[in-house]
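Enquirer: Sending over a structure as structure tokens; questions will come in a sec.
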Amino acid sequence: GTSSTNFVVTCLPPLPPLSNPVSRCGTGTITLTASGATGTQEYRWYDVSTGGTSIASTASFTTPSLSVTTPFYVSILEVATSCESARISVNAIVNTPPAAPAPINNSGCSGTSIILGASGGSPGLYRWYTVPTAGTADATQQNNAFTTPLLTITTSYWVAVTDGTCESARAEAVATVIPLPNAPGITPVNPVCPGSTVTVTASGTTNGNYRWYEGGTLLPGEVNALLTVSNIIGNRTFSVAISNGPCESSRTNVLISLKNCTPPVIAPSTTTAFIEGTVTINLCELISDAENDLDASSIQAVGTLTSSAP
């Protein structure tokens, strides 16, 4: 007779793989990784816990773009026997970033720092950048107020907020630079005698827009082109700037100095003439002027000339 033997083949599945959840901030893809396969074993990734069709067979699996936390599943397949381990769940975690802050623009004069602001975050959790994407945040300024370096052109900065895990989108804050007026012109002043009154003249704008200083002190009310200085008894330095409202130009200086105003000395002179005759005297030859600035046209005889008979 004929006899037969039945064999029962038992499939011994591999151990399940190991994997950890991976997170990201905001919408995008996430790469999950599994370990544990050896030899002729392969991974099988799924988007369902049972059944379905494998969507990847490598240790690393990159998800589609995700906007919410999504579970995926992975097992190990023994290729030689087609035995597959149990599936484990691996979460692709999507964290929601905070809302972008509201920027506060500001303006300032050329050559100064400008303070920008923002709202919507907590102290220490603001992040300020010089670029709209990528780059590195300024680690020294993490609050809602941000002080720019000295600026000469209008410049944009970007601010975000973080919740400790995720950072928001960046918002643009603009530091607008106001150009300075041109420096005024000023008419030099010749040295003057002690006690003199001098009027200094500036140019470059209209009355009301000048700012006069002595030393570094603003002279209140002196906003016109003419500055009158009385009773000058020592050297004095003044300066003038032009204001356009928020900003002032650089200052132009003028020195009012004293000179030694010794009166001219007139030497005595004797001459002769016939009775009822005329005498011509050259006064310039008789006057000694220490300052050498005598104006001959200003000479005039004052009083009565004296005469005596021979």
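Read the figures in this text as sums done on the coordinates, not as results from a lab. On a predicted model such as this, the values are computed, not experimentally measured, just so you know. Positions of Cβ are backbone-derived with ideal geometry, glycine not excepted, and every protein chain shown enters the neighbour counts.
Enquirer: In the calculated pair distance distribution of the range 1-160, what percentage of Cα-Cα distances lie above 18 Å?
Expert: Beyond 18 Å sits 71 percent of the P(r) for the range 1-160.
Enquirer: Ordered by residue, what ³J(HN,Hα) values in Hz, to whole numbers, does the range 63-77 give under the Karplus form 6.51 cos²θ - 1.76 cosθ + 1.60, where θ = phi - 60° and Gly and Pro are x?
Expert: Values, residue by residue: 6, x, 5, 10, 10, 9, 4, 9, x, 10, 9, 9, 9, 10, 10 Hz.
Enquirer: Treating the beta-carbon of each Lys and Arg as +1 and of each Asp and Glu as -1, no other charges, what is the dipole magnitude of the range 75-221 about its Cα centre, to the nearest 20 debye?
Expert: Values: 4 positive and 7 negative charges, 88 e Å.
It comes to approximately 420 debye.
Enquirer: As I understand it, the dipole of the range 76-178 uses +1 on the Cβ of Lys and Arg and -1 on the Cβ of Asp and Glu, about the Cα centre. Which of GLY111, ALA134, GLY121 lies farthest toward its positive end?
Expert: Result: GLY111.
Enquirer: Would you please give the residues with an amide H less than 5 Å from that of LEU66, counting only those at least 5 places away or on a separate chain, with H modeled from the backbone geometry?
Expert: Hits under the 5 Å cutoff: GLY28, THR29.
Enquirer: Which ³J(HN,Hα) values in Hz, rounded to whole numbers, follow from the phi angles of the range 40-47 under the Karplus curve 6.51 cos²θ - 1.76 cosθ + 1.60, where θ = phi - 60° and Gly and Pro get x?
Expert: Karplus values, whole Hz, x for Gly and Pro: 8, 8, 10, 8, 10, 9, 9, 10.
Enquirer: Quick one: which of 238-245, 161-168 comes out on top by average Cβ neighbours within 10 Å, and what's the full order, highest first?
Expert: The packing order, highest mean first, is 238-245, 161-168.
Enquirer: Quick query: amide H of LEU180 versus all other amide H atoms, modeled in the peptide plane; which residues come in under 5 Å with a sequence gap of 5 or more or a different chain?
Expert: Correct list: SER110.
Enquirer: Kindly give the semi-axes, whole Å and largest first, of the ellipsoid equivalent to the range 1-92, taking each as the square root of 5 times a Cα gyration tensor eigenvalue.
Expert: After scaling each eigenvalue by five and taking roots: 35, 12, 9 Å.
Enquirer: Determine one quarter of the surface area of the Cα convex hull of the range 74-171, which equals its mean projected area, and express it in nm² to one decimal. All intermediate terms of the calculation are to be shown ahead of the outcome.
Expert: Numbers: hull surface 37.0 nm².
Averaged projected hull area, Cα only: 9.2 nm².
Enquirer: Another question about this same structure. Using modelled amide H (1.01 Å from N, peptide plane; none on Pro or chain starts), what sits under 5 Å from the amide H of ILE114, excluding residues fewer than 5 places away?
Expert: Under 5 Å from the amide H of ILE114 lie the amide H atoms of THR148, each far enough along the sequence or on another chain.
Enquirer: Right, here's the next one. Residue by residue through the range 131-138, what is 3J(HN,Hα) from phi via Karplus (6.51 cos²θ - 1.76 cosθ + 1.60, θ = phi - 60°)? Round to whole Hz and write x for glycine and proline.
Expert: 9, x, 9, 6, x, 10, 5, 6
Enquirer: Provide, in order from the shortest bin, the percent of all Cα-Cα pairs of the range 165-233 in each 10 Å bin, continuing until the bin that contains the maximum pair distance.
Expert: Reading the bins upward from 0: 15, 35, 21, 9, 8, 7, 4, 1.
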